[in-house]
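What follows draws every value from the coordinates through simple rules; no lab data is involved. The shown structure was predicted, so the numbers you read here are calculated from the model rather than taken from an experiment. Neighbour counts run over all protein chains shown; Cβ positions are idealised from the backbone, glycine included.
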Amino acid sequence: MKNGERLSLEQIRTFLAASEEFRFEANNREEMYGWVTRTLVEQEYGSRKREAKGLLRSYLERMTGLSRAQVTRLIGQYLKSGRVQERSYHRNRFTIHYQAADVALLAAVDEAHETLSGPATQKILYREFYDYGDKRYQRLAGISAPHIYNLRKSRAYRERKIVFHKTRPVKVTIGERRRPEPRGRPGYLRIDTVHQGELDGVKGVYHVNAVDEVTQWQIVGATAQISEAWLIPVLETMLRQFPFQILGFHSDNGSEFINHKVSGMLKSFWWNRLSRDRDTPMTTGWWRARTERSSASTWGTSTFSRAMRKSWRSSSNSTSIRI
């Protein structure tokens, strides 16, 4: 609608009574406020009576799409200043006491002293000004220890001082990463697990295979799950069946064996704890292939009936055999 601000009161009343929807399309808030100002000026809002003012307020609401409270606020601003304009926002800020030069100076002190604690750094800054008379530390001499940490978090400080830390290797105290050294003595075991797979949509068991390094004496067990609560009873039953003293326990880095519960069980029997070194000829791929062949041949023998396989899937009791 062109020249909508110049309509008479009768035309505005007819416009408001019409069922059609018209609205002033503004590109931004400044343009809308300018149209509101021109309308109030053209209609001489300040000298109008109460009925005419209510009519003009409804007209502004219809054209701008603003709420009644918003229109009332704009009209109040017009009556007070003679125009409607967007209010500028002023953020309240604390005065900046420590300048960029102070932050750079703090970063230099931390770099020289390898970033000491807040109280220690505070004492250094204090002595630089009061004991040694360095004028650069005048503002930093009165800084508090907590605010030192605040400045260290600032962007200017982090751009000035960048510290690189080397990756620290994870230390596992449960086992020792080295190859077993049986020296012709039996009792050094290699152990691993392999999943049987699924049969008719039913998940199979996990086979646990333990083989002596020297004599190749082998014990195979099975468990429905690989968690500690299911594996430890099976593992303990298997290891008790070896006819010689267990001197070494060698596995991969899987969490089913590298944990404190298994380590505690082994320590209770005074067994040594080892973890498999993947650089040895006995690699993980070769060991899993051997375990799968052993488990597959065991599964296919006539000694394991269908009822036995079903009991393997539904219970935590292991069935150990000697190969």
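Key figures
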item	result
Least to most buried among His260, His165 (fewest other Cβ within 10 Å first)	His165, His260
Rg ratio (alpha-carbon, reference 2.2 N^0.38 Å) - region 100-160	0.99
Region 42-136: GluC sites (Glu not before Pro) falling in loop per DSSP and having at most 12 other Cβ within 10 Å	Glu44, Glu86, Glu114
Sequence of Arg29, Arg93 once ranked by neighbouring C-beta atoms within 10 Å, starting from the fewest	Arg93, Arg29
Sparsely packed chymotrypsin sites (Phe, Trp or Tyr not before Pro) within region 25-127, loop by DSSP, other Cβ within 10 Å at most 14	Tyr89, Phe94
